[in-house]
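Structure, as structure tokens:
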Amino acid sequence: MNRAVLLALQFLVALAFLVLWHVLTTVPIGGRKLLDPFFFSTPLDVLARTWKDLAGGELWRHLGITLLETVLAFATGATGGILLGFAFARRAMLAAVFDPYVKAANALPRVVLAPIFALWFGLGIWSKVALGFTLVFFIVFFNVYQGVREVSPTVLANARMLGMNERQLMRHVYWPAALTWMFSSLHTSVGFALVGAVVGEYLGSAGGLGYKIQQAESVFDVTGVFSGMLVLTVFVILLDAVVTAIEKRLLVWRPAPVTATS
């Protein structure tokens, strides 16, 4: 499908959603509005509030705090997941010994950890980074681990027969095999890094988009809540676009997917 057509269809979906939201909250149907604007606001009010906050400059400070927390959580969590994923996949004994502990740590509810991190690291950015790290790390770790383990034994045997040492195997066999799995997890991890930062801000902070949303909720400002959610949505889409650009650069050797044409 042509990229311009795809973008147009995506835009139409968003436009249809906004029109439906506007109609349900502003146009009386059967004598009453189906959605009360007090509880659901309206798209025009949300856009107006967002523009006002952006023009006033206050929103940029909160966005900067959340961006820093998200990037740090994503970078540290992804790096740790990649390194340990490779280490566990290449060393069967290490994976066997720590397998139950990794699974137990992954099963811990992250929301319960948020207050503990606040106690350990304070209400600054590091408690939010720690929470985001726990969300990102395990997603990347399990995907990289599985990606390395999925390398074909036949490919490995042929590579060794051609004289490749362990370093060459890592560069030319294991690393390319894991990249597809790794980037699949990174696309998901971007959102989870942001979730960790926002949840941490929501539970206790003096700045950030989560703090701003919590402040709006405390005074029943639904428009402010939806405005914060809109900014978060655009924010995570832009971060995912950065990951996609890096993916295309590193996976340039991968053949383009075949799409059906009419």
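The values are calculated or read from the model by the stated rules, or taken from the named source; none is laboratory data. Remember, predicted model here, so these are calculated numbers, not experimental data. Ideal geometry is used to build each Cβ from the backbone, glycine not excepted, and the neighbour counts take in all protein chains shown. Calculation scope for accessible area: heavy atoms of the full protein, side chains included, ligands and nucleic acids excluded. Shrake-Rupley method; radii C 1.70, N 1.55, O 1.52, S 1.80 Å.
In the condition set (1) under 18 Å from the mean Cα position of the chain (by Cα); (2) free of Cβ contacts under 8 Å to residues at least 60 places away in the same chain; (3) surrounded by fewer than 21 Cβ atoms within 10 Å (Cβ to Cβ), F138 is compliant with all but (3).
Kindly establish whether F39 is farther than 30 Å from L123 by Cα, surrounded by 19 or more Cβ atoms within 10 Å (Cβ to Cβ) and touching a helix residue (DSSP H, G or I) at 6+ places or on another chain (Cβ under 9 Å). Answer is no for this residue. Within the range 50-75, no residue that is farther than 14 Å from S227 by Cα and not assigned by TED's automatic domain parsing to the domain that holds G204 sits with its Cβ atom under 6 Å from a residue that is assigned to a helix (DSSP H, G or I) and open to solvent by 30 Å² or more (accessible area, probe 1.4 Å) at 6+ positions apart or across chains. Report whether or not L123 is closer than 21 Å to K212 by Cβ and at pLDDT 90 or above. For L123, the condition - closer than 21 Å to K212 by Cβ and at pLDDT 90 or above - is not met. A Cβ distance below 9 Å, combined with a sequence gap of six or more or placement on separate chains, defines the contacts here; from the range 213-237, residues that are within 13 Å of E201 (Cβ to Cβ) reach no residue that is among the polar types (S, T, N, Q) and open to solvent by 70 Å² or more (accessible area, probe 1.4 Å). Which ones in the range 100-133 are open to solvent by less than 50 Å² (accessible area, probe 1.4 Å) and outside any helix (DSSP H, G or I)? Across the range 100-133, the qualifying residues are G122, G124.
From the list N165, N143, the lone residue that is open to solvent by 10 Å² or more (accessible area, probe 1.4 Å), in the same structural domain as I65 (by TED's automatic domain parsing) and at pLDDT below 85 is N165. Residues that are at pLDDT 85 or above, open to solvent by less than 70 Å² (accessible area, probe 1.4 Å), not β-branched (V, I, T) and not in a loop (DSSP other than H, G, I, E, B) occur in the range 241-260; there is at least one.
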